[in-house]
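Working notes, beginning with the structure itself.
The values are calculated or read from the model by the stated rules, or taken from the named source; none is laboratory data. The structure displayed is predicted, hence computed values, not measured ones. Here Cβ is always computed from backbone atoms with ideal geometry, including for glycine, and neighbour counts include all displayed protein chains.
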Amino acid sequence: MFSNPFFTDLLFYAVAGAILLTAILVVTVKNVLQSAVFLIISFIGTAVLYLMLHAEFIAMVQVMVYAGGVVIFMVFTILLTSHLGETSFTVKAPRMFIAFVFSVAFFGVMTKLLLKEPGLTAAVPHSENSSSLTSIAMRLLNIGEHGFVIPFEIVSILLLITLVCSITIARKDKGEK
Amino acid sequence: MTLQNCLILAFLLFAIGIWGLLRRRHLIGMLISIEIMLNAANINFIAFSYFSAKDSTAGALFSLFAIAVTACEMAIALAIIVTMYRRHHSLDVNQLRDLHD
């Protein structure tokens, strides 16, 4: 099915429409809890898009880290800090208008610059399975010239620092009840 | 599905993120909008690594590092939000103006 370009296009438009629809719902829905739930659907749609782009490992990481970790963490924080996310703050009309104008202007400028660029529609994927699990693992732990072992170690130290820092920040002070 | 389609999808997602970031006044809502924008950046990385890249494994690895840094950022930001709620009992950005006094 993936070999047929018509089906690939159809699937791409369906997935892109789902991602955009849920992203718009995330932004416009008043309840923050509902917005987090729509964010999960948007991330799963993005994972399907990654599968279509032959990045299977990234799709798995997307589902596990984003949809499984970050958004669930966010839902916990929403439930801790408000009563079922019912708080909807008042937004003034000029601010909504300015926000919409800014985003439309950004999209217009970027698309205008993109359409000037030739050769973007003719770009073809060069080789299959170039971002497979084996090649990612070989590059990630390679100590040679094109290896990524030092960023890998730095990210592991960063994760440890984040763990310690977030516990320190969120801990209650001694005088506090 | 061409490279141009993927890039336009990423631009649309980024524009939606800007819209939400400027529109919402809830701290967690603003964080969710930032998540959408980072997701758009990741789509760009993967699209460029699939189409017409000399080194497509490096593109996938860059998005992996971006995902890891985003997870760290979210953990710190949510810890700050919990602390702020405990001290001020509000997450409205308009009511947190007195932080700079």
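Scanning the range A:67-114 for residues that are assigned to a helix (DSSP H, G or I) and loosely packed, with under 12 Cβ neighbours inside 10 Å, which turns out modelled with the lowest pLDDT?
Restricting attention to the range A:67-114, the residues satisfying the condition of being assigned to a helix (DSSP H, G or I) are A:67-81, A:93-114.
Applying the additional criterion that residues be loosely packed, with under 12 Cβ neighbours inside 10 Å yields A:93-94, A:97, A:109, A:112-113.
Details: A:A93: 78, A:P94: 84, A:F97: 88, A:V109: 94, A:K112: 92, A:L113: 91.
Result: A:A93.
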Next item on the list: Output yes when any residue across the range A:9-25 is among the acidic types (D, E), assigned to a helix (DSSP H, G or I), more than 21 Å from the chain's Cα centre (by Cα) and at pLDDT below 95, and no when none is.
Entry: yes
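Could you tell me whether A:L53 is at negative phi and at pLDDT below 90?
Details: at negative phi: yes; at pLDDT below 90: yes.
Yes: the conditions hold for A:L53.
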Next item on the list: Kindly indicate the residue of the range A:28-55 that is surrounded by 24 or more Cβ atoms within 10 Å (Cβ to Cβ) and hydroxyl-bearing (S, T, Y) and also nearest to A:I136 (Cα to Cα) among those meeting that condition.
Entry: A:Y50
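From the list B:L78, B:L21, which one is in contact with a helix residue (DSSP H, G or I) (Cβ under 6 Å, 6 or more places away or on another chain) and in contact (Cβ under 8 Å) with a residue 40 or more places away in the chain? Even if it seems obvious, please write down each step before you answer.
Working: B:L21 fails: in contact (Cβ under 8 Å) with a residue 40 or more places away in the chain.
Only one candidate qualifies: B:L78.
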Margin query: Could you check the range A:43-61 and list, in sequence order, the residues that are in a helix (DSSP H, G or I), without any contact (Cβ under 8 Å) to a residue 24 or more places away in the chain and either at the interface with chain B (Cβ under 7 Å from one of its Cβ atoms) or basic (K, R) (or both)?
Written below: A:Y50, A:V61
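Just the residues that are closer than 26 Å to B:L31 by Cβ and either surrounded by fewer than 21 Cβ atoms within 10 Å (Cβ to Cβ) or more than 7 Å from chain A (Cβ to nearest Cβ) (or both), please, taken from the range B:41-58.
Residues of the range B:41-58 closer than 26 Å to B:L31 by Cβ: B:41-47.
Answer for the range B:41-58, where residues must be closer than 26 Å to B:L31 by Cβ and either surrounded by fewer than 21 Cβ atoms within 10 Å (Cβ to Cβ) or more than 7 Å from chain A (Cβ to nearest Cβ) (or both): B:A41, B:N42, B:N44, B:F45.
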